[in-house]
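Below is one structure, written out as structure tokens, with a few remarks after it.
The values are calculated or read from the model by the stated rules, or taken from the named source; none is laboratory data. This structure is a prediction, so every number in the text was calculated from the model and none was measured. With ideal geometry, Cβ positions are generated from the backbone for all residues, glycine too; neighbour counts draw on all protein chains shown.
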Amino acid sequence: PISSTLNQHLIDYPTPSNLSYWWGFGSLAGLCLVIQIVTGVFLAMHYTPHVDLAFNSVEHIMRDVEGGWLLRYMHANGASMFFIVVHLHIFRGLYHASYSSPREFVRCLGVVIFLLMIVTAFIGYVLPWGQMSFWGATVITSLASAIPVVGDTIVTWLWGGFSVDNATLNRFFSLHHLLPFILVGASLLHLAALHQYGSNNPLGVHSEMDKIAFYPYFYVKDLVGWVAFAIFFSIWIFYAPNVLGHPDNYIPANPMSTPPHIVPEWYFLPIHAILRSIPDKSGGVAAIAPVFICLLALPFFKNMYVRSSSFRPIHQGIFWLLLADRLLLGWIGCQPVEAP
């Protein structure tokens, strides 16, 4: 049964013959997840989840563990690559309306995976226990206090006390080890839901006739994408490993010294921009919710016969406006709060 299942989903899987390279980001996301799990397991062998030792254990990995610098840079930049690939995967789906009937469940599972990625990346960013790690954890976890009635209780539970401390670090390390495996399960469900009805295509027109086997045609196409990914990823790791990091995170966490500008990782910047643009904490949290609600609700709007934006100029214009807005919010999120 194992070999027949693998053959059904990876070898003889019927695939629309006109799929472009934009349909390869799903397999690239799977590759990124494997890289993150493998490097994470090896890093966990040398990491110490204690407030007095965490920062030094990361430096020990960088300086004393053979190949430790490579493991850490692969893991840290692998998270960024994972988000880049998934963002491209999401926007491709939005452009070609791949979320429409009968693939509603595929989209909903995809949004759940995206939320799991955000949580996993956030708690992973806390583990090096630098200044940005500590203060980022303090600011983001305190947002839970905006939940009516139970908010303060949730914050205390997250912290394991009345401030971000050793209990918080231990909880985050444990969860950061667990969540990637939940991501694997969600990804397999996502793939199973997709294969129930098959992939969409650039034309957005459903057809059972014009299909070919996944292997060898799209296997080779995915392989080309993997090679291009490996080249770009290698250049990033070996020549600019800290380009997306923040220098303050190379300073050990100090609860008595607040950084002048608390900046999250780049993939949180749009959310960060929305949050800090609304003075009221509850209002900021409420403004973030529609981002994910809209992604979940899209498949349940009126179905269209022609799905691809290539044939829908108004939809295409709105799509590019959304993409520009996403980039603008990211830029705003990384700017310090000061008078223009």
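Taking the condition of being over 15 Å from PRO49 (Cβ atoms) and either out of contact with any helix residue (DSSP H, G or I) (no Cβ under 9 Å at 6 or more places or on another chain) or among the polar types (S, T, N, Q) (or both), how many residues in region 108-138 meet it?
3
Looking at (1) in contact with a strand residue (DSSP E or B) (Cβ under 9 Å, 6 or more places away or on another chain); (2) surrounded by fewer than 16 Cβ atoms within 10 Å (Cβ to Cβ), can you tell me which one VAL38 breaks?
(1)
What are the residues in region 148-170 that are assigned to a loop (DSSP other than H, G, I, E, B), touching a residue at least 24 places away in the same chain (Cβ under 8 Å) and surrounded by 14 or more Cβ atoms within 10 Å (Cβ to Cβ), if any?
Scanning region 148-170 gives VAL164, ASP165.
Within region 162-179, can one find any residue that is under 30 Å from HIS315 (Cβ atoms) and polar (S, T, N, Q)?
Scanning region 162-179, I find no residue that is under 30 Å from HIS315 (Cβ atoms) and polar (S, T, N, Q), so the answer is no.
Scan region 174-209 residue by residue and report those that are over 18 Å from the mean Cα position of the chain (by Cα) and in a helix (DSSP H, G or I).
Within region 174-209, SER174, ALA192, ALA193, LEU194, HIS195, GLN196, TYR197 qualify.
Can you confirm whether region 31-45 contains a residue that is at pLDDT 95 or above and part of a loop (DSSP other than H, G, I, E, B)?
Yes, that holds for at least one residue.
Within region 277-294, can one find any residue that is under 30 Å from ASP52 (Cα atoms) and touching a residue at least 24 places away in the same chain (Cβ under 8 Å)?
The answer is no; no qualifying residue exists.
Would you check if PHE173 is among the hydrophobic types (A, V, I, L, M, F, W, C) and out of contact with any Leu (no Cβ under 8 Å at 6 or more places or on another chain)?
Spelling it out, it is not the case that PHE173 is among the hydrophobic types (A, V, I, L, M, F, W, C) and out of contact with any Leu (no Cβ under 8 Å at 6 or more places or on another chain).
Output yes when any residue across region 129-140 is touching a residue at least 12 places away in the same chain (Cβ under 8 Å) and under 30 Å from ARG307 (Cα atoms), and no when none is.
Within region 129-140 (the criterion being touching a residue at least 12 places away in the same chain (Cβ under 8 Å) and under 30 Å from ARG307 (Cα atoms)), the answer is no, since none of the residues qualifies.
Okay, residues lined up against (1) of a type in the set (A, V, I, L, M, F, W, C); (2) closer than 23 Å to CYS108 by Cα; (3) free of Cβ contacts under 8 Å to residues at least 12 places away in the same chain:
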residue	(1), (2), (3)
ARG307	no, yes, no
SER310	no, no, no
TRP320	yes, yes, yes
ARG326	no, yes, no
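Taking the condition in contact with a helix residue (DSSP H, G or I) (Cβ under 6 Å, 6 or more places away or on another chain) and not hydrophobic (A, V, I, L, M, F, W, C), does HIS261 pass?
no
Inside region 247-268, can you point out the residues that are touching a Pro at 6+ places or on another chain (Cβ under 7 Å) and either at pLDDT 90 or above or over 14 Å from CYS334 (Cβ atoms) (or both)?
Those that are touching a Pro at 6+ places or on another chain (Cβ under 7 Å) and either at pLDDT 90 or above or over 14 Å from CYS334 (Cβ atoms) (or both): ASP248, ASN249.
Are any residues in region 176-208 in contact with a Ser or Thr (Cβ under 7 Å, 6 or more places away or on another chain) and loosely packed, with under 15 Cβ neighbours inside 10 Å, and if so, which ones?
The answer is none; no residue qualifies.
Of all residues being in contact with a helix residue (DSSP H, G or I) (Cβ under 9 Å, 6 or more places away or on another chain) and among the hydroxyl-bearing types (Ser, Thr, Tyr) in region 21-63, which is nearest to ASN166 (Cα to Cα)? Just the residue, please.
The qualifying residue nearest to ASN166 (Cα to Cα) is THR48.
Which pairs have Cβ atoms under 6 Å, sit 6 or more apart or on different chains, and link a residue in region 79-105 that is within 13 Å of TRP320 (Cα to Cα) to one that is of a type in the set (S, T, N, Q)?
That search, which allows pairs on different chains as well, returns TYR95/SER309; HIS96/ASN200; HIS96/SER308.
Any idea how many residues of region 232-246 are at pLDDT 95 or above, among the aliphatic types (A, V, I, L, M) and surrounded by 14 or more Cβ atoms within 10 Å (Cβ to Cβ)?
Within region 232-246, residues that are at pLDDT 95 or above, among the aliphatic types (A, V, I, L, M) and surrounded by 14 or more Cβ atoms within 10 Å (Cβ to Cβ) number 1.
Consider LEU116 against the criteria (1) at pLDDT 95 or above; (2) under 30 Å from ASN254 (Cβ atoms); (3) of a type outside the set (Val, Ile, Thr): it satisfies all of them except one. Which criterion is unmet?
Unmet condition: (2).
Starting from residues that are more than 25 Å from THR168 (Cα to Cα) and among the aromatic types (Phe, Trp, Tyr), keep the ones in region 54-82 and report whichever is surrounded by the most Cβ atoms within 10 Å (Cβ to Cβ).
If we take residues in region 54-82 being more than 25 Å from THR168 (Cα to Cα) and among the aromatic types (Phe, Trp, Tyr), then PHE82 is surrounded by the most Cβ atoms within 10 Å (Cβ to Cβ).
Looking at (1) surrounded by 18 or more Cβ atoms within 10 Å (Cβ to Cβ); (2) modelled with pLDDT under 95, which is the one condition that is false for PHE173?
(2)
For region 210-320, list the helices (runs of 4 or more DSSP H) that sit wholly inside it and hold at least 2 residues that are within 25 Å of the chain's Cα centre (by Cα) and more than 29 Å from ASN77 (Cα to Cα); which are they?
By residue number, 281-297.
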